[in-house]
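Remarks on the structure that follows.
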There are 2 protein chains.
Amino acid sequence: MTLKILFAAEPALWPEYETLLLAAFADAGLKCDLRCDFEDPAEVDYIVYAPNSGLQDFSPFTGARAVLNLWAGVEALVGNETLTQPLARMVDSGLSEGMTEWVTGHVLRHHLGMDAHIHGLKGEWIFNPPPLARDRPVGILGLGELGQAAAAALTSLNFPVTGWSRRPKDVEGITCLHGDDGLKETLKRSQILVILLPLTGDTENLMDAGAFALLPKGAVVINPARGAIIDDDDLLAALDRGHLSHATLDVFRTEPLPPAHPFWAHSKITVTPHIASQTRANSASAVIAENVRRSEAGEELLHLVDRRAGY
Amino acid sequence: MTLKILFAAEPALWPEYETLLLAAFADAGLKCDLRCDFEDPAEVDYIVYAPNSGLQDFSPFTGARAVLNLWAGVEALVGNETLTQPLARMVDSGLSEGMTEWVTGHVLRHHLGMDAHIHGLKGEWIFNPPPLARDRPVGILGLGELGQAAAAALTSLNFPVTGWSRRPKDVEGITCLHGDDGLKETLKRSQILVILLPLTGDTENLMDAGAFALLPKGAVVINPARGAIIDDDDLLAALDRGHLSHATLDVFRTEPLPPAHPFWAHSKITVTPHIASQTRANSASAVIAENVRRSEAGEELLHLVDRRAGY
């Protein structure tokens, strides 16, 4: 049987994914008809999906057995009531590697006080060596795939890492805290805080004035997760009153970040344009093909989303 | 017997080292009289030394059994003909940790193209994600303690690392090359080159016009070793003709780097004021005490310098 697979993502991704997905399906022993459009939605077997596609109404796809998301974040999908099919999010090694590199780079940048050197000391030999990483406590909010990968990289550089998750977790080499009290304690001890949480009803605006106030004076906030986890105005206030020394943000409530947004011009904010991590077509195609194979074999999907938890 | 130990380093270091060295000697079971000055040089048993001290003539110290350097670099000492005592260089974990953090941070900075974001995109959402580290070849010149520590950190982040040393070495997880041909091959494949060589007659001006020309177009050079390994004028020329994209330098022929030196104002050069790595008094004191204990017990000194090799 030939499986009908709809590719519903922005058209710019099609040329690269067409080749790689077809190769991955063939490798998985699947015969697939992969297209950007099918005349009859009811005959589609699987939907490869990115939230920036035009597709929002899943109800015509009555025969679809799963929606396979190309992104890690599914917050734009879990509230969609037309989506009744199983939903899998993307976990690929490229996504996690890219995130770890971006997080480790920006943690080291702030740890080493690099900005002063990159802006230039203008002839002044200001000898002000940083402490060792072992004396720089780092906090990570979120201990999913990405949080754990970042924690491993940072502990291998000797940073003492405290990781926080909603539910209790046990991750080797780091201090794991959970729940409301655990969150407060994690914030209190984090000179550098990295946010790697999914966006859910529980995490929206989690980082508000109260949370920023718990961080040590001079702390740095790094957010490559989702913009809405941070209350923008509260962040600006915490920077302006000098409590936080810097924020490095890769994600925003509106993307692209509008040119007039105050984050762009703020001297204590670094904006990176959602580059920390993206799905790599090569490894992602293999994950998609594996999930189609599993579904056809009656096995459980990888990275199946729990709609109630929101991720 | 009480050992007479001369502390010959810049006076600013004395308060911190006095306490820590005395504690380390006591821990090693040694009874020591530690001072910055002894009336009779001939009665001094050991010299704890930093090249920025006033002491240059070692000939009056006729009873000294070793000179224990506080720094990793000994190039200012190996040519000193008055120094006939055994000389040990400093290898301490703090030195190596600090260097690894600085090197990893600046490699990731260049890899991620951070400077554009730190300088600010001024409202322009330029989506230009970096490749993964696994597609960014890094070269390390020098595979001593510091080179090997940097290599381990970079390979754990998936950078493919080629390491070069004068003599053949075998280091797990990296490609090891040696000799003149190995140097050429290392340069040819290094998009980011990290210099961690000792300064010797062989390595002075090793990085000249010919060496820079072998690097791929757009390569970045990172030097936290010694300034004189690089030919300053050749580096400026390679940057100005656009062959190299950036140089990040922590060390210079003259330190502090004179305010009028062209490196300060060059848009493609980042100057850091010799902060990449320094001896940490705590761990260094333990290394010094261990070497005094070894010497008194007739054991071989740790990190003994080979005067002919120059390190």
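Solvent-accessible area of region A:93-271 (1.4 angstrom probe, protein heavy atoms only): carbon and sulfur portion equals 50 percent. Centre-to-centre separation between the Cα atoms of region B:64-95 and those of region A:275-311: 58 Å.
Note on region A:26-141: Rg/Rh from Cα positions, Kirkwood definition for Rh, rounded to two decimals, is 1.24.
Across the copies of the chain, residue B:59 has label points (7 Å from Cα along Cα→Cβ) spaced 10.0 nm apart, shortest distance listed first.
Listed by chain and number, the lysines whose alpha-carbon sits under 30 Å from that of residue B:184, ignoring those within fewer than 8 places in the same chain, are B:169, B:217, B:268. With θ taken as phi - 60° and the Karplus curve 6.51 cos²θ - 1.76 cosθ + 1.60 applied, the whole-hertz 3J(HN,Hα) list for region B:49-61 is 10, 10, x, 8, 7, x, 6, 10, 9, 8, 4, x, 8 Hz, x standing for glycine and proline.
Along each principal axis, taking the top coordinate minus the bottom one, the Cα set of region A:135-188 gives 28, 24, 14 Å in descending order.
Placing unit charges on each Cβ (+1 for Lys and Arg, -1 for Asp and Glu) gives chain B a dipole about its Cα centre, and among B:179, B:301, B:66 the Cα reaching farthest toward its positive end belongs to B:179.
Taking Cα pairs under 8 Å and at least six residues apart, what relative contact order does chain B come out at, in percent?
Values: 576 pairs, mean separation 56.8, N = 311.
The value is 18 percent.
A probe of 1.4 angstrom, applied to the heavy atoms of all protein chains, finds residue A:17 with accessible area near 10 square angstrom.
I want the antiparallel fraction of DSSP beta bridges within the protein assembly as shown, as a percent rounded to 5.
On the way: 2 of 78 bridges.
The antiparallel fraction comes to roughly 5 percent.
With its label point defined 7 Å out from Cα along the Cα-to-Cβ axis, residue A:126 lies at 2.6 nm from the matching points of the other copies, in increasing order.
Using C-alpha pairs below 8 Å separated by at least 6 residues, the relative contact order for region B:83-169 is 31 percent. Burial here means at least 20 square angstrom less accessible surface with every protein chain in place than with the chain by itself, probed at 1.4 Å; in region B:112-126 the buried residues are B:112, B:114, B:117, B:118, B:119, B:121, B:123, B:125. Using only the C-alpha atoms, the convex hull of region B:112-202 corresponds to 116 Å³ per residue. Listed values for region A:91-106 are Karplus-derived 3J(HN,Hα) couplings in whole Hz (6.51 cos²θ - 1.76 cosθ + 1.60, θ = phi - 60°), namely 10, 10, 5, x, 4, 6, 5, x, 4, 4, 5, 5, 5, 4, x, 6, and x replaces Gly and Pro.
Under 8 Å for C-alpha pairs, at least 6 residues apart: give me the relative contact order for region A:93-271, rounded to a whole percent.
17
In this structure the protein assembly as shown gives 42 Å² per residue of accessible area when probed at 1.4 Å with all protein chains present.
What is the mean number of Cβ atoms from other protein chains located within 10 Å of the Cβ atom of each residue in peptide A:95-101, rounded to a whole number? Could you put the intermediate results ahead of the total?
Details: counts 0, 0, 5, 6, 0, 5, 12.
Mean number of neighbouring Cβ atoms from other chains: 4.
Can you divide the C-alpha Rg of chain A by 2.2 N^0.38 Å and report the result to two decimal places? Mind showing how you got there, number by number?
On the way: Rg = 21.4 Å, N = 311, 2.2 N^0.38 = 19.5 Å.
Taking the Cα Rg and dividing by 2.2 N^0.38 Å, one obtains 1.10.
I need the trypsin sites (Lys or Arg not before Pro) found in region B:77-145, filtered to DSSP loop residues with at most 13 other beta carbons within 10 Å of theirs. Spell out each step's value before the answer.
Working: sites: B:89, B:109, B:122, B:134; in loops: B:89, B:122.
For trypsin sites (Lys or Arg not before Pro) across region B:77-145 that sit outside H, G, I, E and B with at most 13 neighbouring Cβ atoms in 10 Å, the list reads B:122.
At the nearest 100 Å², what buried accessible area, both sides summed, do you get for A and B when the probe is 1.4 Å?
Using a 1.4 Å probe, the pair buries roughly 4100 Å².
A simple spin-label model places the labels of residue B:18 and residue B:188 5.9 nm from each other, with each point 7 Å out along Cα-to-Cβ. Each 5 Å bin, from zero up to the one with the longest distance, holds this percent of the alpha carbon pairs of region B:93-271: 1, 8, 18, 22, 22, 16, 9, 4, 1, 0, 0. For residue A:66, the residues whose amide H sits under 5 Å from its own are A:47, ignoring neighbours fewer than 5 places away on the same chain, with H placed 1.01 Å from N.
Using a 7 Å projection from Cα along Cα-to-Cβ, the label point at residue B:297 is separated from the same position in the remaining copies by 5.9 nm, smallest value first.
Just the number, please: Stokes-Einstein D of the protein assembly as shown in µm²/s, Kirkwood Rh from C-alpha pairs, 37 °C, 0.692 mPa s. Intermediate values should be presented prior to the final figure.
Working: Rh = 27.2 Å.
Translational D for this selection: 121 µm²/s.
Taking each residue of A:267-273 in turn, how many C-beta atoms of other protein chains fall within 10 Å of its C-beta, and what is the average?
Working: counts 1, 0, 1, 6, 7, 10, 9.
Partner Cβ neighbours, averaged per residue: 5.
Note on region A:150-224: Kirkwood radius taken over Cα pairs, Stokes-Einstein applied at 20 °C and 1.002 mPa s, translational D equal to 166 µm² s⁻¹. Under a 5 Å amide H cut-off, with hydrogens placed 1.01 Å from N, residue A:83 pairs with A:58 among residues at least 5 apart or on other chains.
With a 1.4 Å probe and all protein chains in place, put A:203, A:254, A:62 in order of accessible area, largest first.
Values: A:203 15, A:254 80, A:62 110 Å².
Result, largest first: A:62, A:254, A:203.
Once a ≥ b ≥ c are taken as the square roots of the eigenvalues of the Cα gyration tensor of region B:233-311, is the result rounded (a/c under 1.5), prolate (a/b larger than b/c) or oblate (a/b not larger than b/c)? Prolate.
The values are calculated or read from the model by the stated rules, or taken from the named source; none is laboratory data. Keep in mind that this is a model prediction, so the values were computed, not measured. A quick note on method: Cβ atoms are made from the backbone with ideal geometry, for glycine too, and the neighbour counts reach across all protein chains shown. These accessible areas exclude ligands, DNA and RNA; they are computed on the full protein's heavy atoms, side chains included. Shrake-Rupley method; radii C 1.70, N 1.55, O 1.52, S 1.80 Å.
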